[in-house]
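Heads up, the thing below is written out as structure tokens.
The values are calculated or read from the model by the stated rules, or taken from the named source; none is laboratory data. All values reported here derive from a predicted model rather than from experimental measurement. Positions of Cβ are generated from backbone atoms using ideal geometry, with glycine treated the same way; all protein chains shown enter the neighbour counts. These area figures cover heavy atoms from the full protein model, side chains too; ligands, DNA and RNA do not enter into them. Shrake-Rupley method; radii C 1.70, N 1.55, O 1.52, S 1.80 Å.
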Amino acid sequence: MFDAIVVGSGMSGGISAKELCEQGLKVLVIERGRKLVHGESYTDNLQPWEVPNAGMVPEEDLARHYKIQGESFITAATQQYWVKDDENPYITPEGKPFDWIRGYHLGGRSIMWGRQSYRLSPQDFEANAKDGHGSDWPIRYDDLAPWYSHIEKFIGVAGDRDGLPQLPDGEYLPAFALNDGELMFKAAIEKAFPGRKVIAGRTANLSKAQPHHEELGRMSCQARSLCDRGCGYGAYHSSLSSSLPAADRTGNLTIVTDAIVHSLVHDPKTGKVTGVRTIDQNTKAHRTYESKIVFLNASTIGTAQILLNSKSEAMPRGLANSSDMVGRNLMDHLFALSVAGLLPNGPKDSFYHGRRPTGIYIPRFRNVTEPADFLRGFGYQGGVSRMGWRTAIGQPGIGAELKARTRKLGPWFTYISGFGEMLPNPNNRVTLSTTQVDKWGIPVVQVDCAHGPNEQAMTKQILEDGKAMIQAAGASSSRPPPSPARRALASTRWAPPAWARTRRPRCSTSSTRRTT
Ligand SMILES: Cc1cc2nc3c(=O)[nH]c(=O)nc-3n(C[C@H](O)[C@H](O)[C@H](O)COP(=O)(O)OP(=O)(O)OC[C@H]3O[C@@H](n4cnc5c(N)ncnc54)[C@H](O)[C@@H]3O)c2cc1C
């Protein structure tokens, strides 16, 4: 019997386990995926020539196993972090695609995340009450602010204090400085659009590790830009580098991997949950674990799946679902709405060292300093970088002339990629199939989700505003997204990261990144 069970070891499960263990509770973390060992299981020590197929995932593997995940960041060096879609199916209605981007392993998506770390603002907490879309938050920004600080200090977030009401400042390590191209971009945008700001991206990478980070074996960021492979230095926050080790040092943590939570055990007499039922992902053996409290951290959709599957005579619609609201109002940000261009007026003799783990951020301005014909708002992540020797790839040339060309610094390139808020809509929902089960006998998830008129209007504005800003910075042209054949190539430094590439708007799960 444990004091607490935490289901899922990803971003939120790791933090829940840490907090509960530090309060003296005996905690069991149950993870459906396999065990990953911090450092040992990563691929960040591989040299480029040691990564198979120059980082490309074979087309047949993509087609067979990664139809959905293959549209995201997947490379030969990161393939192990993405679920095989054929082994973990879900259903979407005809004409309503939904990209559920997942990682089933110890650490969950905290291993693969982009580390951009922003606070919601007072305006965000009031939006539901003011515009009537969604339920009013039971708390306001001021209630949460101390907890943001608590977590930021623990995980380590690099950023500036920019003093913007729509993007509250936090407890930051020194920011990764903007390069000269970004400073030029910032000056141009802030001059052309006085209501807009260009700031350093706030990222959960240790620009300067503090003693409490070092106690956990974490070190300062080496600016290698290999974060997507996992970082043996522990320089970015993940469950494996940070929260689970902190939980473990209390002596209160137990972890079980390869255990898929099927449902929760509910005692109708007391009205309390008493434990969880699991299925071993390899042997299919069933086992029940008991505890006084259960925290569900199995991701947005995974958590809904467990609750909906926890049916009983007393609760035929699933646990905590008498309202029929479990699984409804599925939301994610609009993303991969990118514009890009070459900046011929970029500072000519300026270069920079290293590969910072972040770039620039343009905080929300629509419905803040500028009006909009839609509700809520969006921000942009982006960067300005100098194209290097790779510009010679695929270009005609031979011999000395080609070699000479590869030694010259390339032009400055910029991209910005919008991230917009979706409105809650009860018709965007997760349910369970009544006919199909997965290979462990658990009902398959059905996702029925689409963008509405507000999302469509916002998408249009993101692209229009993005284009206007790129042009105001002096961009000569807007680049089409790289062809699909390029998408599995790792570390194409001149190209925008995969998540920045433009694709047709469609729904996706919380912070998924998908190309094309
Ligand atoms: C490529 C990428 C980039 C991202 N970039 C950013 C970013 O820059 N900034 C940002 O804020 N967010 C970002 N995100 C989003 C962020 O990673 C997620 O919001 C966050 O990880 C969600 O945390 P979670 O604990 O809910 O889920 P997860 O981290 O997904 O963890 C859920 C865990 O539960 C386990 N699980 C699921 N079902 C069960 C079950 N039935 N039984 C047992 N275990 C189960 C899973 O295996 C997994 O380990 C990004 C995500 C991706 C994929």
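Averaged over its residues, segment 73-159 has an accessible area of 43 Å² per residue, based on protein heavy atoms and a 1.4 Å probe. Each residue, Met1 and Lys272, gets one label point 7 Å from its Cα in the Cβ direction; the gap between the two is 0.9 nm. Please give me the summed charge of the neighbours of Gly132: other residues whose Cβ is under 13 Å from its Cβ, Lys and Arg +1, Asp and Glu -1. In short, -1.
Summing +1 for each Lys or Arg and -1 for each Asp or Glu among the other residues whose beta-carbon sits under 9 angstrom from that of Ala259 gives -1. Taking all protein chains together, Met315, Met422 sort by accessible area into Met315, Met422, largest first [probe 1.4 Å]. Relative to the longest principal axis of the Cα atoms of the chain, the long axis of helix 141-155 lies at roughly 80 degrees. Grab the DSSP H runs of the chain that are 4 residues or longer, score each as -39,500 (n - 2.57), total them, divide by all residues and round the 222 nm result to the nearest 500 deg cm²/dmol. It comes out at -6000 deg cm²/dmol, rounded to the nearest 500. For a modelled paramagnetic label at Ile293, 7 Å from Cα along Cα-to-Cβ, the residues of segment 28-60 in reach, with backbone nitrogen under 20 Å, are 28-31.
Give the calculated FRET efficiency between Lys460 and Gln436 to the nearest 0.05, with a Förster radius of 45 Å applied to their Cβ-Cβ distance. The computed FRET efficiency comes out at 0.75.
Using a 10 Å cut-off on Cβ atoms, rank the peptides 110-121, 330-341 from the highest mean neighbour count down.
Those peptides, ordered most packed to least, come out 330-341, 110-121.
Against the chain, whose longest principal axis is taken from its Cα atoms, helix 11-22 shows a tilt of about 60°. Using a probe of 1.4 angstrom and keeping all protein chains present, the accessible surface of segment 247-389 works out to 47 square angstrom per residue. Annotation note: trypsin sites (Lys or Arg not before Pro) in segment 343-396 located in DSSP loop regions with a Cβ neighbour count of at most 13 within 10 Å are Lys348. Restricting the calculation to alpha carbons of segment 154-255 gives Rg and Dmax of 16.7, 56 angstrom.
In plain terms, the bigger the Kirkwood radius, the slower the diffusion; for segment 25-68, with that radius from Cα pairs, at 20 °C and 1.002 mPa s, Stokes-Einstein puts D at 154 µm²/s. Residues of segment 374-411 with backbone nitrogen within less than 18 Å of a virtual label 7 Å along the Cα-to-Cβ line of Ala468, please, listed as ranges. In segment 374-411, the label zone of Ala468 (backbone N under 18 Å from the point 7 Å along Cα→Cβ) covers 374-381. Relative to the dominant Cα principal axis of the chain, helix 180-192 is inclined by about 90°. Computed over segment 285-350, the convex hull of the alpha-carbon atoms projects to a mean area of 10.7 nm². Compare the Cα positions of Gln166, Ile91, Thr203 along the charge dipole of segment 90-210 (+1 at Cβ of Lys, Arg; -1 at Cβ of Asp, Glu; about the Cα centre) and return the one farthest towards the positive end. After comparing all options, I get Thr203. Extending 7 Å from Cα along the Cβ direction at Lys35 and again at Lys403 yields two label points whose distance is 5.2 nm. For the chain, the carbon plus sulfur part of the accessible surface works out to 54%, probe radius 1.4 Å.
Taking Cβ atoms as reference points and 12 Å as the exclusive limit, the residues near Val157 contribute a net charge of +2, counting Lys and Arg as +1 and Asp and Glu as -1. Using R₀ = 60 Å, calculate the FRET efficiency as 1/(1 + (r/R₀)^6) where r is the Cβ-Cβ separation of His212 and Gln395; round to 0.05. Given R0 = 60 Å and the Cβ-Cβ separation, E is 0.75. Legend: calculated FRET efficiency, His150 to Asp349, from the Cβ-Cβ distance at R0 = 45 Å, rounded to 0.05, equals 0.50.
A protection proxy built from the mean count of other Cβ atoms within 10 Å ranks the segments 449-462, 135-148, 85-98, most packed first, as 449-462, 85-98, 135-148.
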